[in-house]
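The values are calculated or read from the model by the stated rules, or taken from the named source; none is laboratory data. For clarity, every value in this text was computed on a predicted model and none was experimentally measured. Positions of Cβ are generated from backbone atoms using ideal geometry, with glycine treated the same way; all protein chains shown enter the neighbour counts.
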């Protein structure tokens, strides 16, 4: 065990040294506040739901326990998914593995040290954000201190079980497939499962539950609530333990927690035993899989971009080629595709005709909100693709720095490379959803123009803030969106979209109502319309220029 | 061709490079040697426009790097010690990228690229992804890319790291040929034998100060030594400096 502790020490020291660093105080504070905000939100929602369940006579407890069971199944699924990705990185893809494997330490101990790290990394956030759910149960059911202790007793083995199962899956799969490809496959599968679940949920048409004629199906549903989950699921052991603790049955709670613990320890033992046989073979295979020859000779892009000036063409072609050849990007493209399909599908199932509000009014109101929603979808896509555009240069950034191109030009080229596809995407989204809503021509023109104005600003914020907070050393630059800079981008983009929407809302309503009533606009109303749209236009220009300037300055300072 | 005037770089209280004054003429091969942490790479990074000096200036072919960085960089071919490249491009695509960046005409590019790739024995693997290349192959590709636009000044940080004996021979011969054509070569190295064999003049930097410059004979005089090699001169001068 001493060797395992030695192997874990660099991580502990790095963590300790990070605490000594003077920089990052503000970042920590901002993250802390936002984290606390979400934590409180989760607590408030779960507490409210549980209080509501308590008021439902007869089935309140059934619903509460069903919810607890569902939370634990979701918790366990998230842990499995997160553990697979983390253990793949920790066991096979980390940069320091060459050093670690050259040390005179048995391989199973290397595995154990890495697995412990992976378990902690993949579990902590899931635990932190599910704790408020359990606390709300404790408060609503007025449980004693034992329940709080039981939360730890139930969750700890669940995390270990998920991590051990994931490690076993990864250990055996890497023997068949190269580790780099597995990560893409699992990310892909994860999103596929999510989409299937979502589509299945949508096909159930939950909105029908509000109709009285569908009551019989609700009763059938309620009957299914009492069906217990499979006793083979580790989340069921945790559920049984927590349920017993909630009702004050200490003996039963401890029995199920002990069952859960014994399952976790056994699986951990099996994982270490399997590591003796499989770990090094898989690791060795991952190294060999690196030297993958690739024949490529595409002249099409060169011809297509021949109208661009040299540096712009160089970056455009480089960006497209590296994007398509990086398998980790494929799952992201799939995610974006799924996001768009879901978004458009939701509009197609809106029961507008059943609404008590006048349809023309509602269609145009939704169309107006749709502009903001499209911009939020754009923000999510920009965060994933454009924000890491500077960080993705990585170590070869020296090529840009030593090349005959200014940082300013480099950033503007990046902006245009990402702007074109994102603008096309946003316009397709807004036009498709507006067609589904059968909006008036005025709203169609307004939406198309507004999105045309919003998109450059959002993309410029992504590029600018991505340049201001770059991470050239990250093994996965796409994750930089979860950094402080990514958070700032999300907040700024949302503020910008919100401001533009508010600026347009009043004048559009006035114009729309005047058209509906057949009145003309007064001079004052005209002035208001022109003023609002002028300010929106000005803001859109500033949203392009200011973040780009900020990004350039910060990037230059960070490189000194 | 290269002028460094009062060039300094400070990191807080640490003076990595201190008031460096140096001039390298066209066609000259200048060797820049010094112990680890002496300031060699920092100087090269400032010369290549990768790092802004705290004070002083870098003039390349009469162009101030601080005032007109793009024009100055166009004159330089920079070869760093670590060949970090875009791993998802092929060797040929990387050269095409460099050519586009430096504004090399399409028709001239293919001829030059083929010539350089053949010279460095990379032509047969030019259409493979860079991620499949060995360290030495990446280093050869970086050198090919640096020479693609016929730079007036070549700045090299540890040119021979990762190269096999054949690669080293090719680079040595290439530097001599380029210098004979008027290209200035500024080369930082730990390989004292290489510096002795190839360089016209040598500068020794220690703790951020340029402690000696000149031909091997000049340095021997400075160290008050007779028939000795550069290695002994280097130890003598750097130890004297460390003791003082």
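Give the residue that is nearest to the other protein chains (Cβ to nearest Cβ), with candidates limited to residues of region B:62-86 that are more than 16 Å from the chain's Cα centre (by Cα) and surrounded by fewer than 20 Cβ atoms within 10 Å (Cβ to Cβ). Write out each step before concluding.
Taking region B:62-86 first, the residues more than 16 Å from the chain's Cα centre (by Cα) are B:62-71, B:85-86.
Still in the list and also surrounded by fewer than 20 Cβ atoms within 10 Å (Cβ to Cβ): B:62-64, B:66-68, B:70-71.
Working: B:62: 16, B:63: 11, B:64: 15, B:66: 12, B:67: 12, B:68: 10, B:70: 5, B:71: 7 Å.
Ranking the qualifying residues of region B:62-86, first place goes to B:70.
Can you give me the ranges of the helices (runs of 4 or more DSSP H) entirely in region B:140-238 with at least 2 residues that are farther than 28 Å from residue B:110 by Cα and touching a helix residue (DSSP H, G or I) at 6+ places or on another chain (Cβ under 9 Å)?
Numbers: elements: B:165-180, B:192-198, B:216-222.
So the answer is B:192-198, B:216-222.
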Considering only residues of region B:1-17 that are surrounded by fewer than 21 Cβ atoms within 10 Å (Cβ to Cβ) and at pLDDT 90 or above, which is farthest from residue A:405 (Cα to Cα)? B:6
Residue B:50 being free of Cβ contacts under 8 Å to residues at least 60 places away in the same chain, surrounded by fewer than 23 Cβ atoms within 10 Å (Cβ to Cβ) and facing another protein chain (nearest Cβ under 7 Å): yes
Scan region A:54-64 for residues that are surrounded by 12 or more Cβ atoms within 10 Å (Cβ to Cβ) and either more than 32 Å from the chain's Cα centre (by Cα) or free of Cβ contacts under 8 Å to residues at least 60 places away in the same chain (or both) and jot them down. A:54, A:56, A:59, A:60, A:61
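Quick one: which residue in B:136, B:208, B:203 is at positive phi and within 21 Å of the chain's Cα centre (by Cα)? Lay out the reasoning, then the answer.
Values: B:136 fails: at positive phi; B:203 fails: at positive phi.
Within the list B:136, B:208, B:203, the selection yields B:208.
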Just one of the numbered conditions (1) closer than 29 Å to residue A:283 by Cβ; (2) in contact with a helix residue (DSSP H, G or I) (Cβ under 9 Å, 6 or more places away or on another chain) is not true of residue A:139; which one? (1)
Could you look through region A:542-560, keep only residues that are within 12 Å of chain B (Cβ to nearest Cβ) and in contact with a helix residue (DSSP H, G or I) (Cβ under 9 Å, 6 or more places away or on another chain), and pick out the one that is modelled with the lowest pLDDT? A:559
Answer yes if at least one residue in region B:177-189 is at pLDDT below 90 and farther than 18 Å from residue B:33 by Cβ, and no otherwise. no
If residue A:105 passes every condition in (1) farther than 13 Å from residue A:137 by Cβ; (2) assigned to a helix (DSSP H, G or I) but one, which one does it miss? (2)
Do we find that residue A:92 is in a helix (DSSP H, G or I), within 20 Å of the chain's Cα centre (by Cα) and touching a residue at least 24 places away in the same chain (Cβ under 8 Å) in this structure? no
Unmet criterion (only one of (1) more than 11 Å from every other protein chain (Cβ to nearest Cβ); (2) in contact with a helix residue (DSSP H, G or I) (Cβ under 8 Å, 6 or more places away or on another chain); (3) modelled with pLDDT of 90 or more; (4) over 30 Å from residue B:23 (Cα atoms)) for residue B:123: (3)
Leading residue by the ranking (surrounded by the fewest Cβ atoms within 10 Å (Cβ to Cβ)) among those in region A:309-331 that are more than 9 Å from chain B (Cβ to nearest Cβ) and modelled with pLDDT of 75 or more: A:320
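So which of B:89, B:95, B:129, B:101 is buried (at least 19 other Cβ atoms within 10 Å of the Cβ), more than 9 Å from chain A (Cβ to nearest Cβ) and in contact with a helix residue (DSSP H, G or I) (Cβ under 9 Å, 6 or more places away or on another chain)? Talk me through it step by step, then tell me what you get.
Working: B:89 fails: more than 9 Å from chain A (Cβ to nearest Cβ); B:129 fails: more than 9 Å from chain A (Cβ to nearest Cβ); B:101 fails: more than 9 Å from chain A (Cβ to nearest Cβ).
Just a single option satisfies the conditions, and that option is B:95.
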With a cut-off of at least 3 residues that are over 30 Å from residue B:60 (Cβ atoms), modelled with pLDDT under 90 and away from chain B (no Cβ under 14 Å), name the helices (runs of 4 or more DSSP H) lying wholly within region A:390-478. A:407-437, A:441-468
Among (1) facing another protein chain (nearest Cβ under 8 Å); (2) touching a residue at least 24 places away in the same chain (Cβ under 8 Å), there is one condition residue B:43 misses while meeting the rest; what is its number? (1)
Quick check on residue B:26: is it out of contact with any strand residue (DSSP E or B) (no Cβ under 6 Å at 6 or more places or on another chain), at pLDDT 85 or above, under 26 Å from residue B:192 (Cβ atoms) and away from every other protein chain (no Cβ under 12 Å)? no
